[in-house]
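Note sheet for the following structure.
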Amino acid sequence: MKAVSLETYEIVIGLEVHTELLTNTKMFCGCANQPGAAPNSNVCPVCLGLPGSLPVINQRAVELTALTGLALNCSIEEFTRFDRKNYFYPDLMKGYQISQYQYPIARNGWIEIEHDGQRQRVGIRRVHLEEDTAKLTHRIDPATGRPYSLVDVNRAGVPLIEIVSEPDIHSAEQARLYLMELRSILQYLGVSTGNMEEGAFRCDANVSVRPIGSAELGVKVEVKNMNSFRAVFRALEYEAERQLAAIDRGESVTQETRGWSEDRGITVSQRTKEYAEDYRYFPEPDLPPLALTPQWTARIRMQLPELPSARRRRFVDQYGLSPYDAELLTASRATADYFEETVRLFDRPKTVANWMTGELFRLLNASGLGIESSKVSPPGLASLLKLIDEGTISIRAAKDVFERMFQTGESANQVVEALGLRQISDAAALEHLVDQAIASNPKSVEDYRAGKVQALGFLVGQVMKASRGKANPAVVNSLLRARLDAQQRD
């Protein structure tokens, strides 16, 4: 779908991200916050919404929300309270959600992203704390063909923060970069896993279009059901083009909620968009407001770790990495920690970066594992790189060693000994192979003496072949040059 209006209109996107917090217990009760537990095993009268049950605020969830706000350059409000957001849906046990509306914990922050070589600031309107809903699983009865739904209340009441951006995003690619940076920050803070596939990091988007130069926002459409960065990118591109095409046809855009259909590659209408008044917000009568003093906020600020943007800059300045390598190695805190631990044991940052972004990432991607699950630890990678540096094994052999280490968890020395890959660097042990190569290849010797440097490479290859790859190429090269030059002088 292509709309000619794209030349005169701009796309405006605001993102609402919900992320589950890594707390031991739920938001308003003592039930375990335990993803993956047996359905309906972590429930109580509070998260079941039974009459007479009363909520109690999870202090750690409030602290993690404030920590997130500080990392996003927000101001922390000194007065905050919870509200009831009223709507009726099968996954909402009480018939309302305890959330925040007028008085969120954090406001007015920003994130920086880099797009087309330019730094761009995306504003953060608010960060507020609420409870998650139950989980619905929709199925078809194989006997009757009739649909039915199952409810798992384990997720009901799990602490959830909502991060609302300003409408500062103007392309699907900018939205993707924003979400990647936001998820990275949350993971660095340790407040969330950021796993989109498991629902721990969920995104809704408000998309509109307007004439270029206009200060007024167009009619917005909310897009839901996007469970990967790729889905977000595709859905936003499609929805913007759909709205532009409607304008080209002289039609108006309807404010509504649309869902992304991954299989069909389109957004589909779900319902008319609700307004804030539709939810009948009012202060939660069973919970007190909170006073977050400047002293309390200062103590939370002290918990801030080094964040991704700062670590990227440091990797360039301290280790001499390219911005591209620094970006790859700081994408997650676990990856950045792995790199620095390896460099501490083997002080060649560029070499470590090359092996991580090359061999390690290749094997992790192929196996679908995260770096936390790698059987090659930082000490393991460092020991392999030391063997290469000492001339014990060749780089070519090292790649085979590394792959076996990754599969089995064996040490580099164990694999080298098991495969008999220890490199021969003793000149005396290689002299007879060098002499044999010279004697067996007179044409190559003649070519070398005639100034054809590539002939030396052929002779090195013959020695490597005769040694079954165990000869140290540098030593072989040096021996061949010495022999050939000495013969020429004679």
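The values are calculated or read from the model by the stated rules, or taken from the named source; none is laboratory data. Every value quoted in this text rests on a predicted model; they were computed, and no experiment measured them. When we count neighbours, we look across all protein chains shown, and the Cβ atoms used for this are built from the backbone with ideal geometry, even at glycine.
Values computed for the structure shown
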item: Some residue of region 388-401 being buried (at least 18 other Cβ atoms within 10 Å of the Cβ), in contact with a strand residue (DSSP E or B) (Cβ under 8 Å, 6 or more places away or on another chain) and in contact (Cβ under 8 Å) with a residue 40 or more places away in the chain; result: no
item: Cβ-Cβ under 7 Å pairs, at least 6 apart or on other chains, region 436-449 side under 20 Å from Ser467 (Cβ atoms), far side at pLDDT 85 or above and among the aromatic types (Phe, Trp, Tyr); result: Ser444/Phe458
item: Residue match in region 358-374 (condition: in the same structural domain as Leu321 (by TED's automatic domain parsing), under 19 Å from Gly420 (Cα atoms) and either over 27 Å from the mean Cα position of the chain (by Cα) or not in a helix (DSSP H, G or I) (or both)); result: no
item: Odd one out for Met93 among (1) at pLDDT 95 or above; (2) in a loop (DSSP other than H, G, I, E, B); result: (1)
item: Residues (in a helix (DSSP H, G or I) and in contact with a Phe, Trp or Tyr (Cβ under 7 Å, 6 or more places away or on another chain)) located in region 262-284; result: Tyr279
item: Neighbours by Cβ (under 7 Å, 6+ apart or cross-chain): first from region 169-185, in the same structural domain as Glu239 (by TED's automatic domain parsing); second among the aliphatic types (A, V, I, L, M) and part of a helix (DSSP H, G or I); result: Ile169/Ala175; Ala172/Leu236; Ala175/Val232; Ala175/Leu236; Arg176/Val232; Leu179/Val232; Ile185/Ala71
item: Qualifying strands (runs of 3 or more DSSP E) (wholly inside region 101-161; at least 2 residues being over 20 Å from Asn40 (Cβ atoms)); result: 106-115, 118-131
item: So Arg280, is it touching a Ser or Thr at 6+ places or on another chain (Cβ under 7 Å) and of a type outside the set (A, V, I, L, M, F, W, C); result: no
item: In region 420-467, the residues that are in contact with a strand residue (DSSP E or B) (Cβ under 9 Å, 6 or more places away or on another chain) and of a type outside the set (A, V, I, L, M); result: Gln423, Ser425, Ser467
item: Positions within region 369-408 being of a type in the set (Asp, Glu) and closer than 15 Å to Val343 by Cα, in sequence order; result: Asp389
item: Condition broken by Ala474, with the remaining ones in (1) in contact (Cβ under 8 Å) with a residue 24 or more places away in the chain; (2) crowded, with 16+ Cβ neighbours inside 10 Å; (3) hydrophobic (A, V, I, L, M, F, W, C) satisfied; result: (2)
item: Residue check, Thr342 under 19 Å from Arg311 (Cβ atoms) and in a helix (DSSP H, G or I); result: yes
item: Among the residues listed as Gly380, Gly391, Gly409, the single one being in the same structural domain as Arg348 (by TED's automatic domain parsing) and touching a Lys or Arg at 6+ places or on another chain (Cβ under 7 Å); result: Gly409
item: Which numbered condition Val153 fails, given (1) farther than 17 Å from Val127 by Cβ; (2) surrounded by fewer than 20 Cβ atoms within 10 Å (Cβ to Cβ); (3) of a type outside the set (Gly, Ala, Ser); result: (2)
item: Within region 366-382, considering residues that are surrounded by fewer than 20 Cβ atoms within 10 Å (Cβ to Cβ) and of a type in the set (Ser, Thr, Tyr), the one nearest to Met356 (Cα to Cα); result: Ser377
item: Near pairs, Cβ below 6 angstrom, 6+ apart or cross-chain, from region 15-28 (outside the structural domain of Leu129 (by TED's automatic domain parsing)) to any residue that is modelled with pLDDT under 95 and part of a loop (DSSP other than H, G, I, E, B); result: none
item: Identity of the residue in region 215-249, polar (S, T, N, Q) and in contact with a strand residue (DSSP E or B) (Cβ under 6 Å, 6 or more places away or on another chain), that ends up surrounded by the most Cβ atoms within 10 Å (Cβ to Cβ); result: Gln243
item: Candidates Arg362, Arg422 - the one that is closer than 24 Å to Pro473 by Cα and out of contact with any Phe, Trp or Tyr (no Cβ under 7 Å at 6 or more places or on another chain); result: Arg422
item: Residue that is surrounded by the most Cβ atoms within 10 Å (Cβ to Cβ) [pool: residues in region 189-214 that are under 17 Å from Glu7 (Cα atoms) and without any contact (Cβ under 8 Å) to a residue 60 or more places away in the chain]; result: Ser214
item: Failed criterion for Arg210 (all others in (1) out of contact with any Leu (no Cβ under 8 Å at 6 or more places or on another chain); (2) modelled with pLDDT under 95; (3) not hydrophobic (A, V, I, L, M, F, W, C) hold); result: (1)
item: Region 285-302 residues that are closer than 22 Å to Phe28 by Cα and part of a loop (DSSP other than H, G, I, E, B), paired with ones that are of a type in the set (Lys, Arg) and modelled with pLDDT of 95 or more (beta carbon under 7 Å, 6 or more apart); result: Pro289/Arg81
item: Matching residues, region 213-241, being of a type in the set (Lys, Arg) and modelled with pLDDT under 95; result: Lys220, Lys224, Arg230
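So that you can scan it fast, the table gives a plain yes or no per residue for (1) over 20 Å from Val158 (Cα atoms); (2) exposed (fewer than 15 other Cβ atoms within 10 Å of the Cβ); (3) of a type in the set (S, T, N, Q):
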| residue | (1), (2), (3) |
| --- | --- |
| Ala38 | no, yes, no |
| Cys47 | no, no, no |
| Gln59 | no, yes, yes |
| Cys74 | yes, no, no |
| Phe79 | yes, yes, no |
| Lys94 | no, no, no |
| Gln97 | no, no, yes |
| Tyr101 | no, no, no |
| Arg107 | yes, no, no |
